[in-house]
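This report concerns only the one structure given below.
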Ligand code: AMP
């Protein structure tokens, strides 16, 4: 994709200081979603990268990973799997714990969502510390599926989240 488009996307991502708490600079992607050209361009980044390999399913992480992941799956004609925060999925689930700044959280995926050997790409809006996506990677791998790559629109490189995702291949399109 043209570097001009990448720069337009970068300019559209809005920094919101002290949200959800003091000291955090929240990367707000809603201006990207709001603009039809930029929304399509953001989805195309994921789609182009996925077209380079054979993918069976897209897995998205609650909640902004659903906005991007489901559009990517639709465009590629693939199935979509949600990984959600604890207590949101109605059927039998597998659970993975991960640590937050204070305490622990859990992510869940339906036990029948992925099959052994399926080729999967994980999608989320943003890679920060990597805790959330590392838990998602555990859930995916526990099914026997092949996690080809984790893809993020935004990566906060200074938090070194990709180290936590090792050995998963990480791709991000806007780096800060
Ligand atoms: P982490 O587990 O630290 O990699 O956090 C990743 C999740 O938290 C992603 O799903 C993001 O949506 C959200 N997140 C973390 N930090 C930020 C931030 N600075 N701006 C926007 N979203 C964030």
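Just so you know, all these numbers are worked out from the coordinates, no wet-lab data involved. Predicted model, so just to flag it, every value in this text is computed and none were measured. In this analysis, Cβ positions are derived from the backbone assuming ideal geometry, glycine residues included, and neighbour counts consider all displayed protein chains.
Taking label positions 7 Å along the Cα-Cβ direction at both residue 63 and residue 24, the computed distance is 1.3 nm, reported to one decimal. Extending 7 Å from the Cα toward the beta-carbon at both residue 176 and residue 91 defines two label points whose distance is 3.6 nm.
For the chain, a Gaussian network of Cα nodes joined below 10 Å ranks 60, 103, 87 by mean-square fluctuation, and the top entry is 103. Quotient of the Cα radius of gyration of the stretch 118-176 and 2.2 N^0.38 Å, N being its number of residues: 1.03. Were the residues from residue 56 through residue 74 laid out at 0.36 nm apart, the gain over their Cα-Cα distance would be 5.3 nm.
Run the numbers on the stretch 54-175 and let me know its relative contact order in percent, using alpha-carbon pairs under 8 Å that are six or more apart.
23
Could you tell me which of rounded, prolate or oblate describes the chain, using a ≥ b ≥ c as the square roots of the eigenvalues of the alpha-carbon gyration tensor, with rounded for a/c under 1.5 and, failing that, prolate when a/b is larger than b/c and oblate otherwise?
oblate
Residue order for 3, 133, 99, fewest other beta carbons within 10 angstrom first, comes to 3, 99, 133. Between residue 2 and residue 100, the modelled labels are 4.2 nm apart [label points 7 Å from Cα along Cα→Cβ]. Among 155, 118, 75, determine the one that fluctuates most according to a GNM of the chain built with springs between C-alpha atoms less than 10 Å apart. Of 155, 118, 75, the most mobile in the Gaussian network model is 75. Hey, in the GNM for the chain with a 10 angstrom Cα cutoff, which one of 36, 20, 82 fluctuates hardest? With Cα springs under 10 Å in the chain, the top fluctuation among 36, 20, 82 is at 20.
Per residue, the average separation of C-alpha pairs within less than 8 Å and at least 6 apart gives the stretch 1-84 a relative contact order of 20 percent. Given R0 = 22 Å, the distance between the Cβ atoms of residue 14 and residue 40 translates into a calculated FRET efficiency of 0.70. Expressed as a whole number of Å, what is the distance separating the alpha-carbon centroids of the stretch 1-17 and the stretch 132-176? Taking the Cα centre of each part, the stretch 132-176 and the stretch 1-17 sit 21 Å apart.
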